[in-house]
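So the structure is just underneath, and the comments pick up after that.
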Amino acid sequence: MPNDAYGELLERWRDARILDSCDSLLGWDQETYMPAGGAAHRAEQHALLARLVHEERTDARIGELVEAAADDERVQDPASVEAANLREIRREFERWSKVPTSLQVERARTASLALQAWKQARNENSFETFSPWLQKILDLRVQEAEAVGYDTEVYDALLEVYEPGETAAHLIELFAPVRDASVDLLGRIRESAHRPEAGLLEGTMPIERQSEFVRRVAEAIGFDLHGGRIDTTTHPFCSRIGPGDVRLTTRYTEREFHGAFFSVLHEAGHGIYEQGLPADAFGAPAGEAASYGVHESQSRLWENHVGRSQGFWRHFYGDLQATFPDTFAGVGRGDFYSAVNRVEPSLIRVDADEVTYDLHIFLRFDLERAMLNGDLAVADLPGAWNERFEADFGLRPPGDAQGCLQDIHWSWGSFAYFPTYTLGNLYAAQIFGAAGRDLGDLDEAFARGEFLPLRDWLRDKVYGNGARYRPAELVERICGKPVGAQDLIAHLNGRYSRIYGLT
Ligand code: ZN
């Protein structure tokens, strides 16, 4: 009998991944079309699938195969794809084997119910409705962290799931200069005499036309609608069901187009990444995204570095004017460009401009870390949130729906996820800089409507590698220097100094 432990291991791992993708489809449905009455049964479906996936990934046979595959010739070269696959499968197997199945099942069931409670709490602007669920999901994740272990703090055990190799201590160091630069730039913008006119973005823009416009743009930048969809939800997201099926969602309002527009660009960035992963490696680490931070770097790259650039609007502004003549026919491109890049402290993270965005993340990073590490009681979250928000933004949320209840993440139990957004911004600035060095003047290319050379470059450098390299290693390989804050700070200072006429 041939000994192909490596082959058998990948097959088993792929089966678990296919099972997991069924859960993704149920999650997508829960957010788009499921009637509210289906919530209790959906929680049972999630719980059962979580158990099956967990059992499959932590089966004793997987452990045997991991050991046996270590002797395979193909994994002897540590730089090979096979060695990376084995390394990542071993890491996940070891982690999840320490977590009892019952805990995983309980988490899946609780997360599904907590999501419904969060929706209700947000609608009713009532933290009390959500509070017991937040406590429960927090406790479950702390139990998970204790089960898998950590060197310094609980936070690190959860961070490892989203950004392998990252630690809270390192993030604090990495984020500090970004915080200082954002606060400094915001201060100078506030003193500037230049005030972009935000009102010119408002009008009556039929949702059907908005939807057609965002589809045209998503396709132009390289999102394949044959292998994807765009639907409507309250919280925009991207979900990959599998090769050939990547789904984006957004939310529209008739009064303005840019909220839905930029969220589609953002989610399309995630989607283009998913569509660029090697389909034949689906289920193996080499066919999966490198990390949530790298994922976020792709959404932020398309949303901000491309979608908020001059070149992009040199190409698309005529189309936008023709699509919404009542709103934009009399508005010059320069005024429009300043308006979509207007910097203004605001309550909601997903609507934040590039300069204040990371401040929203640092607030969440500090508060969730305090909750996980036991320094902040769940009951005290709204007060702590509002106090910190006022200190950082000079605004006080009028209610928790616009404060600590605004994001979906904690209801799912996704603690330690938020930092991946700022990591994404850091990676994106570095990767976009490297792309410009390789491809020449990207702004001019965008003005000509050429977006696919960038998409293809990213496919080659980022997407095609899957999770072959650790996130920090991947970025360093692409950019020729370690991850740092300089490129993001230079990008923000450059773009916003020009818009606001700062010296
Ligand atoms: Zn995103």
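With respect to A147, is the statement that it is farther than 28 Å from L52 by Cβ and open to solvent by 20 Å² or more (accessible area, probe 1.4 Å) true?
Answer is no for this residue.
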Handout entry: Residue within the stretch 322-336 that is over 19 Å from P196 (Cα atoms), within 14 Å of the ligand (Cβ to nearest atom) and open to solvent by 30 Å² or more (accessible area, probe 1.4 Å) present
Key = no
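Checking the conditions here, which among D400, D443 is away from the ligand (no atom under 16 Å from the Cβ), open to solvent by 40 Å² or more (accessible area, probe 1.4 Å) and in contact (Cβ under 8 Å) with a residue 12 or more places away in the chain?
When all the criteria are applied, what remains is D443.
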Practice task
Only one of these is in a helix (DSSP H, G or I), touching a residue at least 24 places away in the same chain (Cβ under 8 Å) and surrounded by fewer than 23 Cβ atoms within 10 Å (Cβ to Cβ): I499, I431. Name it.
Solution key: I499
Problem - Near pairs, Cβ below 8 angstrom, 6+ apart or cross-chain, from the stretch 448-476 (polar (S, T, N, Q)) to any residue that is in a helix (DSSP H, G or I) - result: N465/A286; N465/L474
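Do we find a residue being within 21 Å of S263 (Cβ to Cβ), modelled with pLDDT of 95 or more and not in a helix (DSSP H, G or I) anywhere in the stretch 333-341? Working first, answer last.
Taking the stretch 333-341 as the starting set, the residues that turn out to be within 21 Å of S263 (Cβ to Cβ) are 336-341.
Filter once more, keeping what is modelled with pLDDT of 95 or more: 336-341.
Cutting the leftovers down to not in a helix (DSSP H, G or I) gives us 341.
Yes, the conditions are met somewhere in the stretch 333-341.
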Handout entry: Residue match in the stretch 462-476 (condition: buried (at least 21 other Cβ atoms within 10 Å of the Cβ), in a helix (DSSP H, G or I), more than 16 Å from the ligand (Cβ to nearest atom) and of a type in the set (G, A, S))
Key = yes
Fill in the blank from the handout: Per the filter on the stretch 323-356, residues of a type in the set (D, E) and out of contact with any Leu (no Cβ under 8 Å at 6 or more places or on another chain) are D326, E344, D351, D353
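Yes/no per residue for (1) within 30 Å of A60 (Cα to Cα); (2) not charged (D, E, K, R):
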position	(1), (2)
D4	yes, no
D23	yes, no
D29	no, no
T32	no, yes
P35	no, yes
G38	no, yes
Practice task
State all residues of the stretch 23-78 that are open to solvent by less than 60 Å² (accessible area, probe 1.4 Å), farther than 30 Å from Q120 by Cβ and free of Cβ contacts under 8 Å to residues at least 24 places away in the same chain; if no residue qualifies, say none.
Solution key: A70
Exercise for the section: Please state which one of L426, L452, L381 is open to solvent by less than 10 Å² (accessible area, probe 1.4 Å), over 19 Å from the mean Cα position of the chain (by Cα) and of a type in the set (A, V, I, L, M). Expected result: L381
Practice task
Examine the stretch 488-503 for a residue that is in contact with a His (Cβ under 7 Å, 6 or more places away or on another chain), closer than 19 Å to V217 by Cα and of a type in the set (G, A, S), and state whether such a residue exists.
Solution key: no
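The values are calculated or read from the model by the stated rules, or taken from the named source; none is laboratory data. Please read these numbers as outputs of a predicted model, since none were measured by experiment. We place every Cβ from the backbone using ideal geometry, glycine too, and count neighbours over all the protein chains shown. We work out accessible area using only protein heavy atoms, side chains counted, and drop any ligands, DNA or RNA first. Shrake-Rupley method; radii C 1.70, N 1.55, O 1.52, S 1.80 Å.
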